[in-house]
1. Examine the range 122-136 for a residue that is within 20 Å of the chain's Cα centre (by Cα), within 14 Å of ligand 1 (Cβ to nearest atom), at pLDDT below 95 and not hydrophobic (A, V, I, L, M, F, W, C), and state whether such a residue exists.
2. Looking at the range 485-500, I want the residues that are in a loop (DSSP other than H, G, I, E, B) and have a partner that is of a type in the set (Phe, Trp, Tyr) with Cβ atoms under 9 Å, at least 6 apart or on another chain. Which pairs are those?
3. Does GLN61 qualify as being surrounded by 24 or more Cβ atoms within 10 Å (Cβ to Cβ) and away from ligand 2 (no atom under 16 Å from the Cβ)?
4. In the range 290-321, how many are away from ligand 2 (no atom under 16 Å from the Cβ) and of a type outside the set (A, V, I, L, M)?
5. Looking only at the range 386-422, which residues are of a type in the set (Asp, Glu) and either surrounded by fewer than 24 Cβ atoms within 10 Å (Cβ to Cβ) or away from ligand 1 (no atom under 16 Å from the Cβ) (or both)?
6. Out of the residues in the range 581-609 that are closer than 18 Å to ASN482 by Cα and polar (S, T, N, Q), state the one that is surrounded by the fewest Cβ atoms within 10 Å (Cβ to Cβ).
7. Name the strands (runs of 3 or more DSSP E) wholly inside the range 292-354 in which the number of residues that are more than 16 Å from ligand 1 (Cβ to nearest atom) and under 29 Å from ALA244 (Cβ atoms) is 1 or more.
8. Among the residues of the range 214-233 satisfying the criterion of being surrounded by fewer than 15 Cβ atoms within 10 Å (Cβ to Cβ) and among the acidic types (Asp, Glu), which is farthest from VAL251 (Cα to Cα)?
Amino acid sequence: HSVCAKASSSSSSSTAIAGPEGIKINSVPTKPIEGQKTGTSGLRKKVKVFMQENYLANWIQSLFNSLPPEDYKNGVLVLGGDGRYFNREAAQIIIKISAGNGVGKILVGKEGLMSTPAVSAVIRGRKANGGFVMSASHNPGGPEYDWGIKFNYSSGQPAPESITDKIYGNTLSISEIKIADIPDVDLSHLGVTMYGNFSVEVLDPVSDYLELMENVFDFELIKSLLSRSDFRFTFDAMHAVSGAYAKPIFVEKLGASSDSIYNGVPLEDFGHGHPDPNLTYAKDLVNIMYSDNGPDFGAASDGDGDRNMILGRGFFVTPSDSVAIIAANAQKAIPYFQSGPKGLARSMPTSGALDRVAEKLNLPFFEVPTGWKFFGNLMDAGKLSICGEESFGTGSDHIREKDGIWAVLAWLSLIAHRNKGNRTGDKLVSVSDIVKEHWETYGRNFFSRYDYEECESKGANQMIEYLRELISQSKTGDKYGNYVLQFADDFTYTDPVDGSVVSKQGVRFVFTDGSRIIFRLSVCDFICPLLLFLLASICLCVSNNFDFLYLQGTGSAGATVRLYIEQFEPDASKHELDAQTALKPLIDLALTVSKLRDFTGREKPTVIT
Ligand code: G6P
Ligand code: ZN
């Protein structure tokens, strides 16, 4: 009994059941498929896994089985994706199962395209009940690579764990898929198609989002910058979804030249690229920005358009500095923040540059665990406006996702604002000038992240255990080389809005001069399905509690250890130092203290940011 988009309408073994007026709903028998554990960033697997019989259909039906009927019956759901391989087939399956479960209307981006931030914006703007994002974010796409699906609820934020846990539970007991007997929907033309009471509206994926951006930013101000002959702008869409946004926004609306957009056509395999905007994977852009007479501004965004990287000519803006600099200048340069940001927040491993801005501007400040979801409650409660993570995520409460194009527009606003009073012939105040001025005012938080990817998980877990043991014995005043310990702990967060507590979010050593060494295991996207299934079953039987799955980071052979190093430098004469040089003593200390080389067998990290 297979639910594939085309076969569904002729499925002979299914039975017709009553559904929304005017369409026939087939009930297709199915069986549970293991390994569909869903996190708040959804379910991510190899495309081949998703293409197995009923794999996606089971998950979508399990989602409907998990939601209260009032959250979707006759309701409106948004559907978008990053353009990767399998999105077209998946969109048809999602539309038909939504209709089969009594959804009233689907708003889908043309060709199935819509960035993650735009889906969040459309859900909020059109007061939809929720929405689907078909994406595996920055993971490569194509028949051999990854696919993913995520569900956001009515505030535009990824569904909370209470829902994703239910979805997983339902994937283990599912027996029936309800699917509407309707033809494939033509996603290539804008407009509404009715199928009985059910309708599908194909939207321009850009227009709602663009309208929001025009409300947030002063487009005339940005235009004045982009029209200057001494300001050359570059955007690398990495053949991912922001390609669909770059031309309408940067070129058509804001007047950037059309050759300023690189890799602007979304492709199913991202042009064989790895659509992650960092110094390693956006190498082409980095080379352009560091070339002789390179452009004045460069930016890139990831597969689904929520991450960003900002560069000046020959200059990299570390994401921790980026959010701090945006926050410091937002009130002056960005109309949305004209009455001042309500509060600022960063994830724990992100550098303390933002803390200094919050202090100076006298704003409420929050430090949350890694993961964008922790910002949402603070935003809903009106406590937070601008936030960011070291992992190339920056955003605000205009939506409930991080937002790559927003970050680019924010930086263009800052540069434009800083150059407002310029007279003809004045030298442009550049990205690096703005960053250096910021360091002069606030001091510089040198920051770097070392990734040790695909370590053997046993050694990685043992190292974390060893560090936990170490912190339990540590006390204020302990000497670590030239550094004096202020405190060491495993980060625990209590949500100030709902009081919920999450623990074991990263081992940190904080020194009296503000320097920090942090160790975390990445929450890996791919967990060995069988192992996880066994672990989950044991957890369910024994304690009805999944916590320890998260604490282990991953259950598979591949664990990623992340080491974050930060050092504060108030002395402006030392701000020009290369981050790796400035941080060398602290990095050496971190490697010694953790015995990382012994535990992981690794001499060097695989990625440095
Ligand atoms: C995703 C989330 C980010 C988070 C990152 C951490 O990209 O959307 O909010 O910062 O994961 O990944 P890690 O591999 O460090 O757990
Ligand atoms: Zn992403």
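The values are calculated or read from the model by the stated rules, or taken from the named source; none is laboratory data. Fair warning: this is a prediction, and the values are worked out from it, not measured in the lab. A quick note on method: Cβ atoms are made from the backbone with ideal geometry, for glycine too, and the neighbour counts reach across all protein chains shown.
1. No; the residues of the range 122-136 include none that is within 20 Å of the chain's Cα centre (by Cα), within 14 Å of ligand 1 (Cβ to nearest atom), at pLDDT below 95 and not hydrophobic (A, V, I, L, M, F, W, C).
2. ASP495/PHE374; PRO496/PHE366; SER500/TYR493
3. Yes: the conditions hold for GLN61.
4. 17
5. ASP397
6. Once the filter is applied, the top-ranked residue is THR581.
7. 297-301, 308-312, 315-317
8. Among those residues, the one meeting the criterion is ASP230.
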